[in-house]
Amino acid sequence: MAIKLPIYMDYHATTPVDPRVVETMLPYFHDKFGNAASRNHSFGWTAEEAVENARAQIARLINATPKEIIFTSGATESNNLALKGAAEMYREKGNHIITQVIEHKAVLDTCKRLEKYGYEVTYLPVAKDGRIDLDDLRRAITNKTILISIMYANNEIGVLQPIQEIGKIAKEKGILFHTDGVQALGKVPVDVQRDNIDMISLTAHKLYGPKGCGALYVRRRNPRVQLSAQIDGGGHERGMRSGTLNVPGIVGFGKAAELCQNEMAEESVRLRGLRDRLKDGLFAKLDEVYINGSMTHRLPHNINISFAFVEGESLLMGINDVAVSSGSACTSATLEPSYVLKALGVGEDLAHTSIRFGLGRFNTQEEVDYVTNRVVEVVQRLRELSPLYEMAKEGIDLSKMNWKATAEH
Amino acid sequence: MAYSDKVVDHYEHPRNVGSLPKDDPNVGTGLVGAPECGDVMRLQMKINPETQIIEEAKFKTFGCGSAIASSSLATEWVKGKTVDEALAISNTDIVRELSLPPVKIHCSVLAEDAIKAAIEDWKKKKEAVQPAANATAAD
């Protein structure tokens, strides 16, 4: 079979909408266009029924009840609602929040804002494998701690946090536990009961659903979590999030969740196989390549590799028929290399050479082999061009060099 | 980010990649940048001590496409020029030739620095060699 170019291997950024999801959504744009909040005609009832069906599909995927699902515009909004909503609601109880340094910006920047409002935030460090130390977490808890927010899986390195243990600690101490579950949902089994999760942020577009549609699971029993609404209006979603529901998006989200539920077990095995094939292929043909983050506690479809002595953006330029992303500064707006890799203790020199591969539902073995060959070819070519590779091969210790950087850096 | 055609051309067909013997008294080596900053350029040129003409130039660069293109272009430009002419090359000339966007201007600065550093190295070597050469002549 001929390979169609370009190849998409950036499934952590977003995913295409599964054709089966699109098909389910279509009637809700035109024939069944009703407002789910219209209580007195069939258009409204039809829309409401579809929303409730989707709510149940999503709840099932995380072992929750449908009423605990609050629809939002996406996970950024869900993270904002969880953190700001809980901080505001439980202000009397305390003002301390615990999170970690490699969270997504939607959590980190929300925490920064809460700090401006007088809250105190502890940012736990991570070890070389990308995971927090549970003893650090225990030590960080005070009698003012109201919320722990630790992501399920990281978006750059795919590392899974010890969620079950964190949930247990939070439960013992009577502290709410929120997790950003965006990268994990539909990829690994998420269970809010098993993991003692009180809130989890979700989004449709990372699991083959549409963009602009997310949710926040908010526990109703044991304990009953209350949140201050951050968007006021008609009192939709149990008063926690006003605004007319995005019915087609929600229908798509529900269908996407159902497909993941049915196919996850099989698909994760297939993706792990493809991911390992990619990793093994690259390691067999290249020296001086390094994996960033734990290989044991990791999403099955993620690999993040540093190709020493080859700058990430130049590598992306060489493999321009493959869509992946880089931790190199040159590809970000800030000109700083990835803060996630930095937190792992990856040197800035290596952070500049890192590439994130995110495999997904529509990748094939042929594509993996094509990408492996392209990456090997371009890395070899760029190393021929790299003074650092030559120096390293001559046995020069690059870390001991007196580098003359320009003033601009 | 879209790259200009000239950047792509230099990236895909870099001119004058390689090394010159760095212990040769007529070879000047400029190594600028830092791995932590994401770019390191090494520019080498072989300069005729009589005519001051740059007869050969080679580079190797660790960096983004624009950094590779800037150094590749620099080797093209310095070849055949005198030392003084090469010293007159400014980063803005490189920016213009390659249509570099503002975030990539530092690549051109680095290339200019590399030219200057290589010539500086050559001059230093020449000064060090001069007395020795005289001593040999006296024998």
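Coordinate-derived values only; no laboratory data. Source: prediction; values computed, not measured. Glycine gets a Cβ as well: all are built from the backbone with ideal geometry, and neighbour counts include every protein chain shown.
Listing for the model above:
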quantity	calculated
Folded to 0 to 90 degrees: helix A:163-173 orientation relative to chain A principal axis, Cα	50
Partner chain coverage, peptide A:112-124 - average Cβ within 10 angstrom	0
More than 21 angstrom apart: percent of Cα pairs within segment B:5-130	32
Amide H partners (placed H, <5 Å) of B:V17, local residues excluded	B:F59
Positive-end residue, segment A:23-117 charge dipole about Cα centroid, Cβ charges, pick of A:A87, A:P66, A:Y28	A:A87
Value of Rg/Rh across segment B:74-131 [Cα atoms, Kirkwood radius]	1.08
Size of electric dipole in the protein assembly as shown: Cβ of Lys, Arg +1 and of Asp, Glu -1, about Cα centre, debye, nearest 20	2020
Protection proxy ranking, peptides A:75-87, B:80-92, A:236-248, average beta carbon neighbours within 10 Å, highest first	A:75-87, A:236-248, B:80-92
3J(HN,Hα) from dihedral phi, segment B:69-77, Karplus parametrisation 6.51/-1.76/1.60, rounded to Hz, x for glycine, proline	5, 4, 6, 4, 4, 4, 5, 4, 6
Rounded tilt (10° steps) of A:365-384 against the dominant C-alpha axis of chain A	40
Peptides A:206-217, A:118-129 ordered by average Cβ neighbours within 10 Å, highest first	A:206-217, A:118-129
Globularity ratio of segment A:236-302, using Cα Rg and 2.2 N^0.38 Å	1.76
Where only alpha carbons of segment A:134-223 are counted, the Rg and the Dmax (Å)	13.4, 41
Alpha carbon convex hull of segment A:248-379, projected area averaged over orientations, nm²	9.4
Selection from A:V192, A:Y339, A:N402, by position along the positive dipole direction of chain A (Cβ)	A:V192
Pairs beyond 21 Å (Cα-Cα), from A:K105/A:K342; A:K112/A:K144; A:K279/A:K400; A:K116/A:K171; A:K128/B:K104	A:K279/A:K400; A:K116/A:K171; A:K128/B:K104
Magnitude of the charge dipole, chain B, Cβ model with Lys/Arg +1 and Asp/Glu -1, debye to 20	120
Placed amide H near A:V17: partners under 5 Å, 5+ positions off or other chain	none
HN-Hα J in Hz across segment A:139-146 - Karplus 6.51, -1.76, 1.60, θ = phi - 60°, x for Gly and Pro	5, 6, 6, 10, 6, 9, 6, 10
Average partner coverage of B:54-63, which counts Cβ from other chains inside 10 Å	5
Cα extents of segment A:19-260 along the three principal axes, largest first (Å)	56, 36, 29
Under-5 Å amide H pairs with A:A323, H placed in peptide plane, nonlocal only	A:I7, A:Y8, A:M9
Chain A: antiparallel DSSP beta bridges as a percent of all, rounded to 5	55
Prolate/oblate/rounded label for chain A (Cα gyration tensor, a/c 1.5)	oblate
Highest average packing first - A:55-63, A:220-228, Cβ atoms within 10 Å	A:55-63, A:220-228
Chain A: relative contact order as a whole-number percent, Cα under 8 Å and 6+ apart	21
10 Å Cβ neighbours from other chains, averaged over peptide B:64-71	5
Helical mean residue ellipticity (222 nm; -39500 (n - 2.57) per DSSP H run of 4+; nearest 500) of chain B	-16000 deg cm²/dmol
10 Å beta-carbon shell around A:S338, net charge (K/R +1, D/E -1)	-1
Whole-Hz ³J(HN,Hα) from phi, Karplus 6.51 cos²θ - 1.76 cosθ + 1.60, for segment A:239-256, glycine and proline x	x, 8, 7, 6, x, 4, 6, 7, 4, x, x, 5, 4, x, 4, x, 5, 4
Cα gyration tensor category, rounded, prolate or oblate, for segment B:1-79 with a/c compared to 1.5	oblate
Between segment A:286-329 and segment A:339-409, the alpha-carbon center distance in angstrom	7
Net charge dipole size for segment A:71-133 [Lys, Arg +1 and Asp, Glu -1 on Cβ; Debye, nearest 20]	80
Net charge, A:G318 excluded, C-beta distance under 11 Å - Lys, Arg +1, Asp, Glu -1	-3
Radius of gyration and maximum dimension Dmax of segment A:266-323, Cα, Å	12.5, 37
Relative contact order (percent, whole number), segment A:19-260, Cα cutoff 8 Å, 6+ residue spacing	28
Mean Cα-pair separation over length for segment B:5-130, i.e. relative contact order, pairs under 8 Å, 6 or more apart, %	30
